[in-house]
Structure formats: C-alpha cells, structure tokens
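The values are calculated or read from the model by the stated rules, or taken from the named source; none is laboratory data. This is a predicted model, so every value here is computed, not measured. Quick reminder, even Gly has a Cβ in these numbers, built from the backbone with ideal geometry, and neighbours come from all protein chains shown.
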Amino acid sequence: MGDIASVAEIRAQAEEVAAGWSAPGSPESWRLTAALFRAIAADAGLLGRLAALPADRLPALLASAAISFLVRRDRPEPLAGYFPVPGGPQPPFDDGFYPAAHGFVAARLDDILATCQGRRYQMNEVARCAQIALGIAATCPGPAPVGLADLGTGAGFGLQLDRYRYQVGEQATGPAAAALSLDCVVHGPHQPPRPVLPPIAGRAGLDLHPIDVRDPAARRWLQACGPPEASAQDRLAAAIEVTRRHPVPLLAGDVVEALPGLLDRFPADLPLVVVDAYLAVFLPAGRRAKLAAILAAAGRARPVTWLSLDPLVPLGPGGRDSVQGLPLPGWLVRDYAHGVFAVLGARTFHRGAEHGELLARAHPSGQWLEWLAAS
C-alpha cells in the first residue's frame, strides 16, 4: 500500500481538477464536471472516508468515477437528471445539482467507498490526441517512420493516433473516413504546425493496469472515469470501437520500472516517441528523474523524444514547474494560479545530447491549445 493522502490533499486535488474544467471561456457543457469535483471538495464526510485510500490511487478522482458509475447504473433522481445518457445531449445545469449531489453522497457513502475498493482511476480522454499529434508533428517532421510508446496508456487510445482525423483551427488532416474526428481550437497569435504524423512503424503501451476494451465491465468503468460531458462520452465510445477493431500491444507494469523492457520491444534503429499524457504529474520528483534518465540512456543509440502533456508541479494551483524541468515564462506560471491547464513539452535525447522545448499550453480535455514554441 502506498502513502495515505490527507483530507487537505484530497480536497486540493478535487479543487484543482474543478479549476481545470471551469476556467474562463469553458463551454457550458463542462459545468457538471467541475461541479462534481467541487461537491467532492466540500463534503467533509466523503473526504474523511477517502483519506483511508492510498494517495497513488488519486482518491478525489476515484470518488468522482465511483459516483458517476453508481449514477449511470442506478439512475437516482434528481441527481441522474444532470448526467448525460449515451448518445444524448448535455442536460441543463442549475444550482439544484449541489443539494442533489450532497444528498446522494450522504445516502450512498458506503456504496461509493465499496466501488472505489479494488479499482483505480483511469481516465482516457481521447481528445488529447489532437494535442499530442501536434507535438509529434513539431518534433518529428518528415517522412521517416517512428515507434510510438504510450505511458499510462489505459485502454491504448493514444496508440491509435494515425487512425483519427484532426481539425485543428482551420487545418484538417487524417483519414477522411476516420470513425473519430477530434476538434481542437487554436488560441493565441501563433499557429501550430499542421498535424501531419510520420508513419508509425511500431507501437506499444505500458500501464500498471491496462484496460481490455473487449471486457464489458472494463468498458463500464472506463465510461465512469470519463468526464460526465456528452461530447466526451461520445468520443470515448468511438475510441473504444476503433481500439476494438485495431488491437495494440498493452504491457502491464510500473511505468518507470518496466520502461526499459517496453523500449526494448522496438527495433534498435527506430527513432522513438514516448508519450506521457497526465502521468508524470502524479509521479514523485525522484521517479520523474528516473524516467528521464532511462530515456536519456535509450537515446544514446537512437533519437528518443519524450513528449509530455501534463499540468505543472507541485499538484494544485500553486504549480510552478514543468514535469520535464523545462524553463517556463513567468506569465505562464502566474496564469496557472487562475485556472489549471497542461503544458505540452518535448525533450529529445540522442548520442549524449539533449534538446528541450516548451511547445504549448492546452485545455485538459483537448478542447483548445495555445501554441508557444518559437519554431
């Protein structure tokens, strides 16, 4: 069992996620997601019970998934009326949500904790793939094939990048007949590169508990971990179908300790892109440093690019540093205190040399991106 999180840490975790979903300009449809985390942060009884869970299971996020799971399964009224149903629109949100949520949690506290037992929070927001695709286009331009490794891969949606279509600002790329199209609005004065991917010559993912999308129970939990937002749930359903049609290798293991074995699966001369989306932010500093050292060692023989899409550390609105140790402009850190977002960064290792670059800041559910890279 890992370290136990305090009530204050769990509350801060919930408040940070809520801030990420409710930044100025956020779509109305995301109000429910933010409100769910605010309700968790404000419920002292729930927080006290969650404090018995190991910190590495992300108790606040796990509780949000448990509540969503029970609401989807049992349809308790009036709370269920705020949650979208598969294929349906986003229901209207009003202040009645908070008493409904508080009443449900009070009545079902034991059920919420029982749902948390034996499970881990595994959110697979496939919309982030648009941001990752831009990062790959910026760091691996040209026709040379690459290997794609996805850390904390969950169900492996991030390994299907070349099977999705992308609409990034005014630029559209990807297969015209793709089953899933991902839209990403461009903010700011700088245009990102066109999201054209190099050929992916090999792919594999690593997760402590990979998700088999062929398993109905696993799919139900995956849906519960997704934001209770109609478009996010629709994307999730489409990504599940893509992954069922195109199985990819998913390895079970610790994302740091098993990383050398994952990298060894690829041909020795194939350049690698190693993607971390909302993983490194949850690793202690020492384990992040070990991850970087493993990638640097692998980069002695071939180019290895670590592409990271993560909030700042330490966790919470006081975050001030990139998980990759990249320099950040002061204005970006100051903005972070008013609304949590991710930063997209790249560190490339090859023959003992290293190049790092801050590429963009990005909405936590892939809805927008502000390109920052000088190139």
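Here are some notes:
- In this entry, Ile112 passes the filter for residues that are over 25 Å from Phe349 (Cβ atoms) and β-branched (Val, Ile, Thr).
- Strands (runs of 3 or more DSSP E) contained in region 171-220 and holding at least 1 residues hydrophobic (A, V, I, L, M, F, W, C) and touching a Leu at 6+ places or on another chain (Cβ under 8 Å): 181-187, 200-207
- Residues that are out of contact with any helix residue (DSSP H, G or I) (no Cβ under 7 Å at 6 or more places or on another chain) and over 25 Å from Gly154 (Cα atoms) do occur in region 311-320.
- All of Val7, Val71 fail the test of being in contact with a helix residue (DSSP H, G or I) (Cβ under 6 Å, 6 or more places away or on another chain), surrounded by fewer than 17 Cβ atoms within 10 Å (Cβ to Cβ), under 22 Å from Arg108 (Cα atoms) and of a type outside the set (Gly, Ala, Ser), apart from Val7.
- Among the residues making up region 320-370, a single one is farther than 19 Å from Ala297 by Cα, among the hydroxyl-bearing types (Ser, Thr, Tyr) and in contact (Cβ under 8 Å) with a residue 60 or more places away in the chain: Ser365.
- Pair list, Cβ < 6 Å and 6+ apart or interchain, from region 71-96 residues that are farther than 15 Å from Ala34 by Cβ to residues that are of a type in the set (Phe, Trp, Tyr) and not in a helix (DSSP H, G or I): Val71/Phe83
Yes or no, residue by residue, for (1) closer than 30 Å to Glu28 by Cβ; (2) modelled with pLDDT of 95 or more:
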| residue | (1), (2) |
| --- | --- |
| Pro317 | yes, no |
| Leu326 | no, yes |
| Gly345 | no, yes |
| Glu354 | no, yes |
| Glu357 | no, yes |
| Ser365 | yes, no |
| Trp371 | yes, yes |
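- Residue check, His209 more than 22 Å from Arg57 (Cβ to Cβ) and either surrounded by fewer than 17 Cβ atoms within 10 Å (Cβ to Cβ) or aromatic (Phe, Trp, Tyr) (or both): no
- Candidate set from region 10-24 (those that are small (Gly, Ala, Ser) and touching a residue at least 24 places away in the same chain (Cβ under 8 Å)); member that is surrounded by the most Cβ atoms within 10 Å (Cβ to Cβ): Ala14
- Here Thr153, Thr139 are screened, and the one residue that is farther than 26 Å from Pro210 by Cα, in contact with a strand residue (DSSP E or B) (Cβ under 9 Å, 6 or more places away or on another chain) and surrounded by 21 or more Cβ atoms within 10 Å (Cβ to Cβ) is Thr139.
- Subset tally (residues that are of a type in the set (Ser, Thr, Tyr) and either surrounded by 17 or more Cβ atoms within 10 Å (Cβ to Cβ) or closer than 12 Å to Leu70 by Cβ (or both)) for region 84-118: 1
- Residue within region 111-118 that is over 25 Å from the mean Cα position of the chain (by Cα), more than 22 Å from Val273 (Cα to Cα), touching a residue at least 40 places away in the same chain (Cβ under 8 Å) and not assigned by TED's automatic domain parsing to the domain that holds Pro271 present: yes
- Complete set of residues in region 45-64 that are more than 12 Å from Leu109 (Cα to Cα), among the aliphatic types (A, V, I, L, M), in contact (Cβ under 8 Å) with a residue 60 or more places away in the chain and not in a loop (DSSP other than H, G, I, E, B): Leu61
- Single unsatisfied condition, Glu229 versus (1) farther than 21 Å from Leu180 by Cα; (2) in contact with a helix residue (DSSP H, G or I) (Cβ under 9 Å, 6 or more places away or on another chain): (1)
- Matching residues, region 171-186, being more than 23 Å from Arg245 (Cα to Cα), touching a residue at least 40 places away in the same chain (Cβ under 8 Å) and surrounded by fewer than 17 Cβ atoms within 10 Å (Cβ to Cβ): Val185
- Pairs with Cβ under 6 Å, 6+ apart, first in region 275-292 and in a strand (DSSP E or B), second surrounded by 21 or more Cβ atoms within 10 Å (Cβ to Cβ) and among the aliphatic types (A, V, I, L, M): Val275/Ile132; Val275/Leu307; Asp276/Leu151; Ala277/Leu309
- Residues satisfying the stated conditions in region 233-250, i.e. part of a helix (DSSP H, G or I) and either of a type in the set (Val, Ile, Thr) or surrounded by fewer than 23 Cβ atoms within 10 Å (Cβ to Cβ) (or both): Gln233, Asp234, Ala237, Ala238, Ile240, Glu241, Val242, Thr243, Arg244, Arg245
- Scan of region 346-375 for residues that are in a strand (DSSP E or B), under 22 Å from the mean Cα position of the chain (by Cα), buried (at least 18 other Cβ atoms within 10 Å of the Cβ) and not charged (D, E, K, R), ordered by number: Ala346, Thr348, Leu358, Leu359, Ala360, Ala362, Trp368, Leu369, Trp371
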